[in-house]
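Novice: Can you keep this structure in mind? I'll have questions shortly.
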Amino acid sequence: MLTYYRLLASDILPKDIQKVIYLDCDIAVVSDIKPLWNVELTGKAIAGVDDCDEEKNRNRLGIPAHSTYINAGVALYNLEYWLENHVSELFFEYVRKNETKLLLMD
């Protein structure tokens with residue numbers, strides 16, 4: 001369940017921090033990640049990388065085909081959007097309702 005702490009970033013970090021990059025502990029950064037930091041997030045909660053099992057996981061979780069299932073190990077969070085739209089609460093509501101579908105914990 002510790003993996004869900006990242007969903008609390010907007011609640012834990014100072015309110016003047018508008019975005020943050022999350023990297024899993026097994027990620028090696030070998031070049032400048034500024035292009036990730038500069039991804040435009042206006043009107044978006046998160047930016048990430050498509051997961052290699054995207055279709056399978058979208059189907060398992062009931063995510064519409066026009067949406068994307070991302071690999072949660074590399075993500076850019078728009079904390080301002082999260083706070084304004086109560087994204088953390090929405091995530092935890094989804095977790096409660098879909099606990100049996102959440103095999104990967106992220």
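The values are calculated or read from the model by the stated rules, or taken from the named source; none is laboratory data. Everything numeric here is computed off the predicted structure, so don't read it as measured data. Here the Cβ is made from the backbone with ideal geometry for all residues, glycine too, and neighbour counts use every protein chain on show.
Novice: Restricting to segment 14-61, what's the tally of residues that are part of a loop (DSSP other than H, G, I, E, B) and aliphatic (A, V, I, L, M)?
Specialist: 9
Novice: Output the residues belonging to segment 60-90 that are buried (at least 16 other Cβ atoms within 10 Å of the Cβ), closer than 19 Å to Ile17 by Cβ and not acidic (Asp, Glu).
Specialist: Val74, Ala75, Leu76, Tyr77, Asn78, Leu79, Tyr81, Trp82, Val87, Ser88
Novice: Take Leu61 and tell me if it is touching a Leu at 6+ places or on another chain (Cβ under 9 Å) and without any contact (Cβ under 8 Å) to a residue 60 or more places away in the chain.
Specialist: yes
Novice: When you go through Glu80, Glu89, Glu99 one by one, which is the residue that is of a type in the set (D, E, K, R) and touching a residue at least 60 places away in the same chain (Cβ under 8 Å)?
Specialist: Glu80
Novice: Going by the structure shown, is Leu102 in contact with a helix residue (DSSP H, G or I) (Cβ under 7 Å, 6 or more places away or on another chain) and modelled with pLDDT of 85 or more?
Specialist: The answer is no for Leu102.
Novice: Then there's this: Name the residue that is surrounded by the most Cβ atoms within 10 Å (Cβ to Cβ), counting only residues in segment 1-39 that are within 15 Å of the chain's Cα centre (by Cα), more than 18 Å from Tyr94 (Cβ to Cβ) and charged (D, E, K, R).
Specialist: Here the residue is Lys19.
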